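The values are calculated or read from the model by the stated rules, or taken from the named source; none is laboratory data. These numbers were taken from a predicted model, which means no experiment stands behind them. Note: ideal-geometry Cβ built from the backbone for every residue, glycine included; neighbour counts use all protein chains shown.
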Amino acid sequence: MSEPRTFVVGIVGGGQLARMMYAASVRLGITVRLLAEGPAVSAAQVCHDVVVGDYTDPATVREFAADCDVITFDHEHVPTSILRDLEAAGIQVRPGPAALIHAQDKAVMRERLSGAGVPCPAWRVVAHAADLQEFAAAQGGYPVVAKAARGGYDGKGVWKIDSDEDAEELFAGITDGVPVVAEEFVDFDRELSALVVRSPSGQAVAYPISESIQTHGICTETITPAPGLTADQAVDFQRLALGVAHDLGVVGMLAVELMQRKDGSVVVNELAMRPHNTGHWTLDGSHTSQFENHLRAVLDLPLGDPTTRAPWTVMANVLGGSVADLPSALLHCFARDRRLRVELYGKEVKPGRKVGHVNTFGDDLDEVRRRAHHAANYLMGIEDHD
Ligand code: ADP
């Protein structure tokens, strides 16, 4: 008889996404090996096979990957050259660098999506203030949006440009030579998220479309399904995301962030190729969570059912506030709401930092939202007198 085989999935990055992937891996009986930024980061607290090291160092990543069946990610910051080297050495990287570059570099993403006819805002790579001013003039004037092509997250690296002076100031402050993408300012009504997952053999499934509510550039709430979408719109947006996953050869979760205008039309804001904050609702609101489906995809296992368990699921992020001892605050939350689901990430509470989330589900959207807000607010130290 052959030895029983354990799959080893190497995850680069030790944040809460890796922590929740780790939880999913426990159920599947597979081993997760973690390349963590430090010994106490969120996922390193729970995973027992941890290498602490620098993911920008080729030798560290190569050594880490050597005994893994497949490498996947908690974030998209691993340099492409390192991932290419891994592939050349015969290591499976999922998603691979050729796909991942579209989540790493906004200029590459815009070029590719526009070329494929996926709706995007008008855009142009701009090298100096005069370029940006010219772009704004071509749009019929300000405002326009400028984005660092690489390295931004949670709204950092995105600037609203209201005047020629703003354009000059922006370039005066940019010293690291990162390319800048100028975009038409989209006067959107709301933001939507289309999550899909695709396996190497080409199977793909689409989660229901979520509405994502952002506060100061950070996702604070999602509602699934997005209220007010027609069935045709929902299918169109799911198709759009499945098409992007197919065209780019994505393996694993793909989040397509959409901006929806008042007339119902959408443009793509950006892509992420990993479990995504707008998919945390799936832990409790869907038949298969995004974390499990991501693992299934990178291992080329059949994908699980992405559909909802309840008419409405709401996720509210818990951002660091005045409550330092989050586990103690659970007493109130759970005493009040027996169906509340809470996930705490084990992170030190710092102002505005994502330290956990809550999920609620049920039949009445207003009530489901109220419950989520009450619990998240309580965990943030905000009294809502509800
Ligand atoms: P990050 O990479 O930091 O998440 P995003 O590209 O998602 O940055 O942009 C952050 C936020 O800025 C978006 O959620 C959206 O609210 C707003 N935004 C981005 N692009 C545009 C645009 N072209 N027009 C108007 N608002 C935009």
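General remarks:
- Flag for A241 being over 16 Å from the mean Cα position of the chain (by Cα) and not in a strand (DSSP E or B): no
- Residue, surrounded by the most Cβ atoms within 10 Å (Cβ to Cβ), within segment 347-371, restricted to residues that are among the hydrophobic types (A, V, I, L, M, F, W, C), under 19 Å from G279 (Cβ atoms) and in contact with a helix residue (DSSP H, G or I) (Cβ under 9 Å, 6 or more places away or on another chain): V358
- Test: K156 is loosely packed, with under 15 Cβ neighbours inside 10 Å and near the ligand (Cβ under 8 Å from one of its atoms): yes
- Residue in segment 71-84 that is in contact with a strand residue (DSSP E or B) (Cβ under 8 Å, 6 or more places away or on another chain) and of a type in the set (G, A, S) present: no
- The one condition in (1) within 15 Å of the ligand (Cβ to nearest atom); (2) at pLDDT below 95 that F171 fails to fulfil: (1)
- Looking across segment 89-108, the residues that are outside any loop (DSSP other than H, G, I, E, B), in contact with a strand residue (DSSP E or B) (Cβ under 8 Å, 6 or more places away or on another chain) and away from the ligand (no atom under 16 Å from the Cβ) come down to Q92, V93.
- Scan of segment 225-241 for residues that are closer than 29 Å to G356 by Cα and either among the β-branched types (V, I, T) or in contact (Cβ under 8 Å) with a residue 40 or more places away in the chain (or both), ordered by number: P225, P227, F237, Q238, A241
- Filtering A149, A167, A136 for residues that are surrounded by 14 or more Cβ atoms within 10 Å (Cβ to Cβ), closer than 23 Å to I101 by Cβ and among the small types (G, A, S) leaves a single hit, A149.
- Test for H332: is it outside any loop (DSSP other than H, G, I, E, B), surrounded by 22 or more Cβ atoms within 10 Å (Cβ to Cβ) and not hydrophobic (A, V, I, L, M, F, W, C): no
- Residues being outside any loop (DSSP other than H, G, I, E, B) and hydroxyl-bearing (S, T, Y) - total across segment 298-321: 2
- Among the residues making up segment 109-139, those that are in contact with a helix residue (DSSP H, G or I) (Cβ under 6 Å, 6 or more places away or on another chain), outside any strand (DSSP E or B) and within 14 Å of the ligand (Cβ to nearest atom) are M109, C120, L132.
- Residue within segment 215-224 that is surrounded by fewer than 18 Cβ atoms within 10 Å (Cβ to Cβ), in contact (Cβ under 8 Å) with a residue 40 or more places away in the chain and more than 10 Å from the ligand (Cβ to nearest atom) present: no
- For G381: the one exception among (1) touching a Ser or Thr at 6+ places or on another chain (Cβ under 6 Å); (2) crowded, with 16+ Cβ neighbours inside 10 Å; (3) in contact (Cβ under 8 Å) with a residue 60 or more places away in the chain: (2)
- Residue within segment 109-117 that is surrounded by 17 or more Cβ atoms within 10 Å (Cβ to Cβ) and over 26 Å from the mean Cα position of the chain (by Cα) present: no
- Beta carbons closer than 6 Å, at least 6 apart along the sequence or on distinct chains, pair a first residue in segment 323-350 that is under 27 Å from G38 (Cα atoms) with a second that is small (G, A, S) and assigned to a loop (DSSP other than H, G, I, E, B) for V323/G381; Y345/S42; G346/S42; K347/S42; V349/G320; V349/A324; K350/G320.
- Close pairs from segment 21-47: first touching a residue at least 60 places away in the same chain (Cβ under 8 Å), partner surrounded by fewer than 16 Cβ atoms within 10 Å (Cβ to Cβ) and in a loop (DSSP other than H, G, I, E, B), Cβ under 8 Å, at least 6 apart: I30/T6
- A search for C-beta distances below 7 Å between a residue of segment 249-271 that is touching a residue at least 40 places away in the same chain (Cβ under 8 Å) and any residue that is among the charged types (D, E, K, R) and more than 12 Å from the ligand (Cβ to nearest atom), counting only pairs 6+ apart in sequence or on different chains, returns V250/R198; V251/R94; V251/R198; G252/R94; G252/R274; M253/R274; L254/R198.
- In segment 182-203, of all residues being part of a strand (DSSP E or B) and surrounded by fewer than 20 Cβ atoms within 10 Å (Cβ to Cβ), the one that is nearest to the ligand (Cβ to nearest atom) corresponds to E184.
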